[in-house]
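Visitor: So that we are looking at the same thing, I have put the structure below in structure tokens.
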Amino acid sequence: MTEANYLKMDDFYLTHYLYIDLFLRENLFPEASPEDVSSVLKALKKYVSVENKLDIEIEKPGKRNYLIRFTILKKDDGTELLIAFTNWTVKKKAFEKEIKMENDSYTRWYFLNGNKMTYRKDMSDQNDYSTMNKSDLANAYLFDELSENDSEIGSTIKEYLNQGDITISDKIMANLILLKYQIFKKENDNVTKQAEYLAELFEQNKSETNLRGLQAAFNATKFQIELSK
């Protein structure tokens, strides 16, 4: 295959979205190692362009392997989308023999904009930022398509954390957003310290039953840190 090196999005978005969406969701391949995931992401960045699609086959125990097809759709208005098709059928909860676009095969779409990669629901025109608290606003800035919002993330999340009256789940959520931002900024020393601080927060509050979803998000973020090394 010819190398395209077409995709310009920051690796932060690749490691965040594609690990969660193509390995964890639907229990597709949760046992993947950082090396497994990294090899997929490197191939994607190297080979995929508007002209080149990329088919990947991941060997799995059982009857069928896991197939992923990456393509870029360029619309008439210049909008670009990265699309990941798979051979997983959501209805039957099984891998099909091949990728069938007309079936309900599991598919993910991402809008591409410079160094940003964004879900449709996270686009700035889909959200009313004026109604959000500072934690949600910082998260929206990180994952929307507007790079000019990125410089506001750190101060916005710290402003939220400086409030005295937030619940432990809100405190952990805000600190997770801060950790994500530090990964995005490649602040490696801060990432290490922040991950240790979050681990302590979870340990101190392990009797709380409502933190399971946040713990899963933290585990995925720790995997993302490994991918970023």
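Visitor: Can you name every residue in the range 6-44 that is in contact (Cβ under 8 Å) with a residue 12 or more places away in the chain and over 19 Å from Tyr106 (Cβ atoms)?
Guide: Across the range 6-44, the qualifying residues are Tyr6, Leu7, Lys8, Met9, Asp10, Asp11, Phe12, Tyr13, Thr15, Pro34, Ser38, Ala43.
Visitor: Based on what the data block shows, is Glu3 over 22 Å from Tyr106 (Cβ atoms), outside the structural domain of Gly213 (by TED's automatic domain parsing) and either in contact (Cβ under 8 Å) with a residue 60 or more places away in the chain or surrounded by fewer than 18 Cβ atoms within 10 Å (Cβ to Cβ) (or both)?
Guide: Yes: the conditions hold for Glu3.
Visitor: Of the residues that make up the range 135-158, is at least one among the aromatic types (Phe, Trp, Tyr) and over 30 Å from Glu208 (Cα atoms)? Walk me through it before giving the result.
Guide: Filtering the range 135-158 down to residues among the aromatic types (Phe, Trp, Tyr) leaves 141, 143.
Within this subset, residues satisfying the condition of being over 30 Å from Glu208 (Cα atoms) are none.
No: the range 135-158 contains no residue that is among the aromatic types (Phe, Trp, Tyr) and over 30 Å from Glu208 (Cα atoms).
Visitor: Looking at (1) modelled with pLDDT of 95 or more; (2) under 25 Å from Thr209 (Cα atoms), which is the only condition Gly164 fails?
Guide: Gly164 satisfies all of (1) modelled with pLDDT of 95 or more; (2) under 25 Å from Thr209 (Cα atoms) except (1).
Visitor: Another one. Are any of the residues in the range 86-101 closer than 23 Å to Ala4 by Cβ, within 20 Å of the chain's Cα centre (by Cα) and surrounded by 12 or more Cβ atoms within 10 Å (Cβ to Cβ)?
Guide: First pass over the range 86-101, keeping only residues closer than 23 Å to Ala4 by Cβ: 86, 99, 101.
Filter once more, so that each one left must be within 20 Å of the chain's Cα centre (by Cα): 86.
Narrowing further to those that are surrounded by 12 or more Cβ atoms within 10 Å (Cβ to Cβ): 86.
Yes; the residues of the range 86-101 include at least one that is closer than 23 Å to Ala4 by Cβ, within 20 Å of the chain's Cα centre (by Cα) and surrounded by 12 or more Cβ atoms within 10 Å (Cβ to Cβ).
Visitor: Determine which single condition Thr107 fails, assuming it passes every other condition in (1) more than 21 Å from the chain's Cα centre (by Cα); (2) closer than 19 Å to Tyr17 by Cα; (3) among the hydroxyl-bearing types (Ser, Thr, Tyr).
Guide: The failed condition is (1).
Visitor: Go through Gly114, Gly78 for me and flag whichever is free of Cβ contacts under 8 Å to residues at least 12 places away in the same chain and of a type in the set (Gly, Ala, Ser).
Guide: Only one candidate passes the filter, namely Gly78.
Visitor: Could you please find all residues in the range 191-207 being modelled with pLDDT of 95 or more and more than 20 Å from the chain's Cα centre (by Cα)?
Guide: Those that are modelled with pLDDT of 95 or more and more than 20 Å from the chain's Cα centre (by Cα): Lys193, Glu196, Tyr197, Ala199, Glu200, Leu201, Phe202, Glu203, Gln204, Asn205.
Visitor: Then there's this: It is to be established whether one or more residues within the range 138-146 are touching a strand residue (DSSP E or B) at 6+ places or on another chain (Cβ under 7 Å), in the same structural domain as Val40 (by TED's automatic domain parsing) and at pLDDT 95 or above.
Guide: Checking the range 138-146: not a single residue is touching a strand residue (DSSP E or B) at 6+ places or on another chain (Cβ under 7 Å), in the same structural domain as Val40 (by TED's automatic domain parsing) and at pLDDT 95 or above.
Visitor: Got a number for residues in the range 40-54 being out of contact with any helix residue (DSSP H, G or I) (no Cβ under 8 Å at 6 or more places or on another chain) and surrounded by 14 or more Cβ atoms within 10 Å (Cβ to Cβ)?
Guide: Initially, the range 40-54 is screened for residues out of contact with any helix residue (DSSP H, G or I) (no Cβ under 8 Å at 6 or more places or on another chain), giving 42-43, 46-53.
Imposing the further condition that a residue be surrounded by 14 or more Cβ atoms within 10 Å (Cβ to Cβ) reduces the set to 43, 46-49, 52-53.
Qualifying residue count for the region: 7.
Visitor: Just checking, which of Asn175, Asn149, Asn205, Asn188 is loosely packed, with under 14 Cβ neighbours inside 10 Å and of a type in the set (S, T, N, Q)?
Guide: Unique residue meeting the criteria: Asn188.
Visitor: Now, a different point. Name the residues in the range 120-166 that are in contact with a Ser or Thr (Cβ under 6 Å, 6 or more places away or on another chain) and within 19 Å of Leu178 (Cβ to Cβ), would you?
Guide: Residues satisfying the conditions are Lys134, Leu137, Ala138, Asp144, Tyr160.
Visitor: Does the range 49-96 hold any residues that are among the hydrophobic types (A, V, I, L, M, F, W, C), under 15 Å from Leu28 (Cβ atoms) and outside any strand (DSSP E or B), and which are they?
Guide: Val90
Visitor: Now for a different question. Closer than 26 Å to Asp144 by Cα, of a type outside the set (Ser, Thr, Tyr), surrounded by 15 or more Cβ atoms within 10 Å (Cβ to Cβ) and in contact (Cβ under 8 Å) with a residue 60 or more places away in the chain: which single residue out of Arg108, Arg69 fits that description?
Guide: When all the criteria are applied, what remains is Arg108.
Visitor: Has the range 142-163 got any residue that is of a type in the set (Asp, Glu), under 23 Å from Phe12 (Cα atoms) and in contact with a Lys or Arg (Cβ under 6 Å, 6 or more places away or on another chain)?
Guide: yes
The values are calculated or read from the model by the stated rules, or taken from the named source; none is laboratory data. The shown structure was predicted, so the numbers you read here are calculated from the model rather than taken from an experiment. Every residue, glycine as well, gets a Cβ built from its backbone with ideal geometry; the counts of neighbours run over all protein chains shown.
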